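Visitor: First the structure, which I've put down as structure tokens, then a few questions once you've had a look.
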Amino acid sequence: MGKSVKIGMSNVGAGNPAYIVGEIGINHNGVIDLAKKLIDVAVTSGCNAVKFQKRTPELCVPEDQRNRMRQTPWGYITYMEYREKIEFGFEEFNEIDRYCRERNIDWFASCWDVEAVKFIEQYDVPCYKISSASLTDRGLLKALRNTGKPLVISSGMSTIEQIRGAVDFLGIDDLIILHCTSTYPCPVEELNLKMITTLKNEFDCPVGYSGHEIGLWPTVATVALGASFIERHITLDRAIWGSDQASSVEPQGLQKLVRTIRTIEGAMGDGIKKVYASEEPIIARLRIK
């Protein structure tokens, strides 16, 4: 059946229900009340977890981008000012931690730098996410592996050689690999869902999917391909300001997505042909004896 990875109270891997994550990321736009509303959406929909992002702006924002101007909810400001305003600190993450415990849902984060790892380590998160952009950052990968927590790596904008390199560096234990295409939103013809099968055949660990497409059905299809960890960005409204909103799933869509995934899981069966009791009356009526 293959390896499984324990995240919180859930076993993730073949034979277990898919672990479904509502990726809040930075769709909170720096507003804690909006973050809490998105947590509520994930809980109501039946998600296993929500995920945030954590950066140290002075480490993550390249010098040549810091003074670029952009229009934001806070006015026309530099990119560096924007990154600082949208970043949650102690007060906000303390409230996220408290609120997720109250709502009985896991939360964790993708950390974009080593200082961010140190920050999130203050909380008892069940795992860490490694973003596609960070797949080749060996210093960050080492810091995350040293936490001793399970790791989930996204493989967008990466070659198969880069994925192999990251897996070799991290080791296969307590590792989950997500297929991903890092376009927001992603055209259907670039989703390449068969990569889930490719990753499953090559790596002895759970494989999942991080989707950025518009719509739900490609994500549902990944469950039939064996994805055991599903991540989609979530939003209250795709028209809200923000770079990730357009490729996110709104509340009704998230409820439908989780419900349909659970239906597909129930329909998959065990692959062993059998005659069901419900078929016996049909046999008696239609089969020639």
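Visitor: All but one of (1) exposed (fewer than 14 other Cβ atoms within 10 Å of the Cβ); (2) within 22 Å of the chain's Cα centre (by Cα); (3) not hydrophobic (A, V, I, L, M, F, W, C); (4) not in a helix (DSSP H, G or I) hold for Asn67; which doesn't?
Guide: (2)
Visitor: Does Leu59 count as touching a residue at least 24 places away in the same chain (Cβ under 8 Å), over 21 Å from the mean Cα position of the chain (by Cα) and either closer than 22 Å to Ser210 by Cα or not in a strand (DSSP E or B) (or both)?
Guide: Yes: the conditions hold for Leu59.
Visitor: While we're here: Out of curiosity, is Tyr209 buried (at least 19 other Cβ atoms within 10 Å of the Cβ), aromatic (Phe, Trp, Tyr) and in contact with a helix residue (DSSP H, G or I) (Cβ under 7 Å, 6 or more places away or on another chain)? Steps first, please.
Guide: Working: buried (at least 19 other Cβ atoms within 10 Å of the Cβ): yes; aromatic (Phe, Trp, Tyr): yes; in contact with a helix residue (DSSP H, G or I) (Cβ under 7 Å, 6 or more places away or on another chain): yes.
Yes, satisfied.
Visitor: Give me the pairs, please: first residue somewhere in the range 88-109 and touching a residue at least 40 places away in the same chain (Cβ under 8 Å) and in a helix (DSSP H, G or I), second residue anywhere and of a type in the set (Gly, Ala, Ser) and surrounded by 12 or more Cβ atoms within 10 Å (Cβ to Cβ), beta-carbon distance under 7 Å, and either six or more positions apart or on two chains.
Guide: Filtered contacts from the range 88-109: Ile96/Ala35.
Visitor: Continuing with this model, one more query. When you go through Val249, Val258 one by one, which is the residue that is touching a strand residue (DSSP E or B) at 6+ places or on another chain (Cβ under 7 Å) and more than 23 Å from Ser155 (Cβ to Cβ)?
Guide: Numbers: Val249 fails: more than 23 Å from Ser155 (Cβ to Cβ).
Only one candidate passes the filter, namely Val258.
Visitor: Considering Asp237, Asp168, Asp173, Asp204, which residue is exposed (fewer than 14 other Cβ atoms within 10 Å of the Cβ), among the charged types (D, E, K, R) and assigned to a helix (DSSP H, G or I)?
Guide: Values: Asp237 fails: assigned to a helix (DSSP H, G or I); Asp173 fails: assigned to a helix (DSSP H, G or I); Asp204 fails: assigned to a helix (DSSP H, G or I).
It is Asp168.
Visitor: Would you confirm whether any residue within the range 226-238 is on the phi > 0 side of the Ramachandran plot, touching a helix residue (DSSP H, G or I) at 6+ places or on another chain (Cβ under 7 Å) and either touching a residue at least 24 places away in the same chain (Cβ under 8 Å) or not small (Gly, Ala, Ser) (or both)? Even if it seems obvious, please write down each step before you answer.
Guide: Of the residues in the range 226-238, the ones on the phi > 0 side of the Ramachandran plot are 226.
Still in the list and also touching a helix residue (DSSP H, G or I) at 6+ places or on another chain (Cβ under 7 Å): 226.
Restricting the remaining residues to those that are either touching a residue at least 24 places away in the same chain (Cβ under 8 Å) or not small (Gly, Ala, Ser) (or both) gives 226.
The answer is yes, given that some residue of the range 226-238 is on the phi > 0 side of the Ramachandran plot, touching a helix residue (DSSP H, G or I) at 6+ places or on another chain (Cβ under 7 Å) and either touching a residue at least 24 places away in the same chain (Cβ under 8 Å) or not small (Gly, Ala, Ser) (or both).
Visitor: Related question: Which is in a helix (DSSP H, G or I) and of a type in the set (Val, Ile, Thr), of Val125, Val43, Val50, Val152?
Guide: Val43
Visitor: Name the residue that is nearest to the chain's Cα centre (by Cα), counting only residues in the range 25-53 that are at pLDDT below 95 and among the polar types (S, T, N, Q).
Guide: Asn27
The values are calculated or read from the model by the stated rules, or taken from the named source; none is laboratory data. Because the structure is predicted, anything quoted here is derived from the model rather than measured. Every residue, glycine as well, gets a Cβ built from its backbone with ideal geometry; the counts of neighbours run over all protein chains shown.
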